[in-house]
Amino acid sequence: MQTAPWMVFPYLVYLYPLGLGVGYTLLFIMGLLLHIAAFWAFISKRDSWTDTHIYMCNLALADSILILFLPFRIYDDFQGLPITYLCTFLFMVHYLNMYASILTTAAVSVHRYLAVRFPMHISSWRRKKQTAVVVCLLIWGLLLTLCVIFRKINYPDKLCACYERDNKEQLHLNIVLLLILLGYVLPLLILVFCSSQIIYILLKHNGTTEEKKGIIGIVTANLVVFVVCYTPINVAYIVNNIVARNLQDIHVHKLADRYLQVSEWIASANCCFDSISYYFLLKHFYSQQ
């Protein structure tokens, strides 16, 4: 006996959150182990930190906070959290740390470019660590300020689930586009410019050594990971916003919501890929000891 497609749909709706919960569980376990190892390595050599270590530690901090709050997301996928102000807090924590990671990644890219483009000036600059600390504090200060200003858009009455905004309470498209421009397009342009310049400079001067190949590999991998992890969620912002405002088909709404939630998981997976940067930084650092 053949099963009609619409009879399968309710089962898929039921199984989908379970699959997402399993996905976040894997991210939590892997991310927690990787970041415990990273912080242990960072802290054990804290007396020898450079400005690069400060940027990387800030990136690890943003990723770690996101990871530590994933159990709430996992519980919500399996059991469902009541929609309270805790959801507002969890919603903001999730996106706060995602954008802290994005902006820190852009800052690291600029730092690498300056170090390669102006090596003599950078090596003689005495306030490199202080500058790195100030940049990291500015990133957190900016994001925390924006969270406070726009906190009401994530109040319980604007949500249909703990991590999901009600389709009737979508942000204005202009705000969404501004968020994408400043939180994705601008950092992406910075990464593309800095990465391409770093690769060009390294290939141009004195051939290609194994160390230069390693640096080029890290820079290229970081750019690819950024594009793969953060492009889907920014596309989902636009799609979900347009669908919620212009289409009435409930199945299309479901698909748009599912796409957004899966893209959030992909963006969260970046916290594990960032560990690649920690590994190569620490490997290079320890090899010089």
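The values are calculated or read from the model by the stated rules, or taken from the named source; none is laboratory data. Since the structure is predicted, the reported quantities are computational estimates derived from the model, not experimental observations. Note that each Cβ is placed from the backbone with ideal geometry, even for glycine, and that neighbours are counted across all protein chains shown.
Values for this structure:
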read-out	value
Yes/no for residue 164 being surrounded by 14 or more Cβ atoms within 10 Å (Cβ to Cβ), touching a residue at least 60 places away in the same chain (Cβ under 8 Å), acidic (Asp, Glu) and more than 17 Å from residue 277 (Cβ to Cβ)	yes
Within the range 72-85, considering residues that are part of a helix (DSSP H, G or I) and touching a Phe, Trp or Tyr at 6+ places or on another chain (Cβ under 8 Å), the one surrounded by the fewest Cβ atoms within 10 Å (Cβ to Cβ)	85
Unique match (being closer than 28 Å to residue 76 by Cβ and in a strand (DSSP E or B)) among 229, 160	160
Hits in the range 259-275 (condition: over 17 Å from residue 22 (Cβ atoms) and either aliphatic (A, V, I, L, M) or not in a helix (DSSP H, G or I) (or both))	260, 267
Test: residue in the range 123-140 that is outside any loop (DSSP other than H, G, I, E, B), at pLDDT 80 or above, basic (Lys, Arg) and under 20 Å from residue 97 (Cβ atoms)	no
Of all residues making up the range 259-289, the number that are among the small types (Gly, Ala, Ser), at pLDDT below 80 and under 19 Å from the mean Cα position of the chain (by Cα)	2
Residue within the range 97-109 that is more than 22 Å from residue 38 (Cα to Cα) and either at pLDDT 90 or above or touching a helix residue (DSSP H, G or I) at 6+ places or on another chain (Cβ under 6 Å) (or both) present	no
Positions within the range 31-63 being in contact with a Leu (Cβ under 9 Å, 6 or more places away or on another chain), surrounded by 16 or more Cβ atoms within 10 Å (Cβ to Cβ) and not in a helix (DSSP H, G or I), in sequence order	none
Residue check for residue 9: part of a helix (DSSP H, G or I), out of contact with any strand residue (DSSP E or B) (no Cβ under 9 Å at 6 or more places or on another chain), modelled with pLDDT of 75 or more and of a type in the set (A, V, I, L, M, F, W, C)	no
Long-range neighbours under 8 Å by Cβ, at least six apart or interchain, first residue among the small types (Gly, Ala, Ser) within the range 62-81, second surrounded by fewer than 19 Cβ atoms within 10 Å (Cβ to Cβ)	64/39; 80/161
Qualifying residue in the range 91-103 (condition: farther than 29 Å from residue 219 by Cβ and in contact (Cβ under 8 Å) with a residue 40 or more places away in the chain)	yes
Boolean, residue 110 is free of Cβ contacts under 8 Å to residues at least 12 places away in the same chain, surrounded by fewer than 20 Cβ atoms within 10 Å (Cβ to Cβ), assigned to a helix (DSSP H, G or I) and out of contact with any strand residue (DSSP E or B) (no Cβ under 8 Å at 6 or more places or on another chain)	no
Check on residue 256, in a helix (DSSP H, G or I), under 25 Å from the mean Cα position of the chain (by Cα) and under 25 Å from residue 164 (Cα atoms)	yes
Filter result for residue 190 (under 30 Å from residue 83 (Cβ atoms) and either within 24 Å of the chain's Cα centre (by Cα) or modelled with pLDDT of 85 or more (or both))	no
Selection from the range 261-277 of residues that are touching a residue at least 60 places away in the same chain (Cβ under 8 Å) and among the hydrophobic types (A, V, I, L, M, F, W, C)	262, 265, 267, 269, 271, 272
